[in-house]
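Working notes for the structure below.
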Amino acid sequence: MSDKIELGQIKEIDDIRNVRENEASVFTPWLAKPENISILSKAIDININIDEVEEEKKIKTEVGVGSFSADIVASDLDGRKIIIENQLEETDHRHLGQLITYASGLKAKIIIWIVKESREEHRAAIEWLNNNTNNDIGFFLCEIKLLQIDDSKPAVQFVVIEKPNNWAKQSNKQKAKEVMTKTEQLRLEYWTEFMNYASKNKIFEENNFNLLDPNINATNTFASGAQEYIFNITQQRRSKQLIIHLYVALPFFEFLKSEKEEVESKTGLSFEWRNLDNRGAMDVIKDADLDDINKREEQFEWLITKMCSIKQAFLEYKKKCLKIISEISFLVSRSYQILRKKSIDYYDTHNNFMNVAESAVSLYSRLISLNQ
């Protein structure tokens, strides 16, 4: 008996034109089959109701929404409606608009966009939708890959690019059937009390923070109503800490960092500043015994007060940032016009022109620094 093991080479097939050209007639019906939609189900950690496909044929293809048609309409084991839009090419604005139209028209709770390649602006759009819609609605952006071992038939792999924050891997009904751990029970209890407290807080309401359904997650995301940043609140029971994580778009983060001392002075907070791959993070940590029921109201008040003071301060800095960008746009545009005309009609001397050009370059450099 030989000890030699023969292993094949996995390769990705970049050319999916044959699949793409027959998207509606071939790929969509293929994906709607139980054995294939189960691959997507595992990738996004949602139990799509496969029994309905086999028995009652409740998973439908090409479902009309006005003058458009949703590729696939299904549901999960909790009965939440799912829509799947296939775009086997690079993402575009048209399909993003259709996706939102389908979600609205069909009252979907789970929205899945399957694409060949996702552009940065569309990844950001899906992230924004997840951060600014109700907690029971989730948007997924998945890229499709075709893999092959040597000369075998191609196999499909779904890679999740964007998904909702803290999305539960199990449906609510499934989790209810299981016994929660002691830590999960304490988290649920804490979030339930906090949401009840926040719902009665006038300042929290005036600042337009979203209220979430209580859950067992250690961290929850609170949309700020602004595209530039979101709040994540974390319960750290072991270290007895309550943490506000701010995730900030890089240009705005760099601007805030340049005003660090003033930002911390105005908010009355000392942040931990961190540069991440595609955004910045600002953390505020409070020592807190989360299991001491008598101290919870004080903790809730601290959270709400700090979240609101941060948001109000950021509004001021956002206006300042936009003013700088406006100045840059005007001066660079004016200088460009002069350069194109190759004249100095607007100015008495060459030196005046050079002064304006240098001002534009200086301001433009500040803009570049915000975007690095």
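Data overview
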{"quantity": "Boolean, Val65 is in contact with a Leu (Cβ under 7 Å, 6 or more places away or on another chain), at pLDDT 75 or above and closer than 17 Å to Trp30 by Cβ", "calculated": "no"}
{"quantity": "Selection count where residues are among the acidic types (Asp, Glu) and part of a helix (DSSP H, G or I), scope the stretch 289-306", "calculated": "3"}
{"quantity": "First in the stretch 107-122 and at positive phi and surrounded by fewer than 18 Cβ atoms within 10 Å (Cβ to Cβ), second anywhere and part of a helix (DSSP H, G or I) and modelled with pLDDT under 90, Cβ under 8 Å, 6 or more apart", "calculated": "none"}
{"quantity": "Close pairs from the stretch 226-241: first within 15 Å of Lys318 (Cβ to Cβ), partner among the small types (Gly, Ala, Ser), Cβ under 8 Å, at least 6 apart", "calculated": "Gln227/Ala249; Glu228/Ala249; Tyr229/Ala249; Ile230/Ala223; Ile230/Ser224"}
{"quantity": "Number of positions in the stretch 87-117 that are at pLDDT 90 or above and among the hydroxyl-bearing types (Ser, Thr, Tyr)", "calculated": "1"}
{"quantity": "Residue in the stretch 48-69 that is closer than 30 Å to Leu7 by Cβ and surrounded by fewer than 17 Cβ atoms within 10 Å (Cβ to Cβ) present", "calculated": "no"}
{"quantity": "Subset of the stretch 193-226 [among the acidic types (Asp, Glu) and under 16 Å from Ser309 (Cα atoms)]", "calculated": "Glu205, Glu206"}
{"quantity": "Within the stretch 155-237, helices (runs of 4 or more DSSP H) holding 1 or more residues that are at pLDDT 80 or above", "calculated": "182-199, 202-206"}
{"quantity": "Boolean, Glu264 is surrounded by 12 or more Cβ atoms within 10 Å (Cβ to Cβ) and touching a residue at least 40 places away in the same chain (Cβ under 8 Å)", "calculated": "no"}
{"quantity": "Search result, residues across the stretch 287-303 that are exposed (fewer than 14 other Cβ atoms within 10 Å of the Cβ), charged (D, E, K, R) and either more than 30 Å from Phe255 (Cα to Cα) or in contact with a Lys or Arg (Cβ under 8 Å, 6 or more places away or on another chain) (or both)", "calculated": "Asp287, Asp291, Asp292, Lys295, Glu297, Glu298"}
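The values are calculated or read from the model by the stated rules, or taken from the named source; none is laboratory data. Predicted, not measured: the structure shown is a model, and the values here were computed from it. Glycine also receives a Cβ, built like all others from the backbone with ideal geometry; neighbour counts cover every protein chain displayed.
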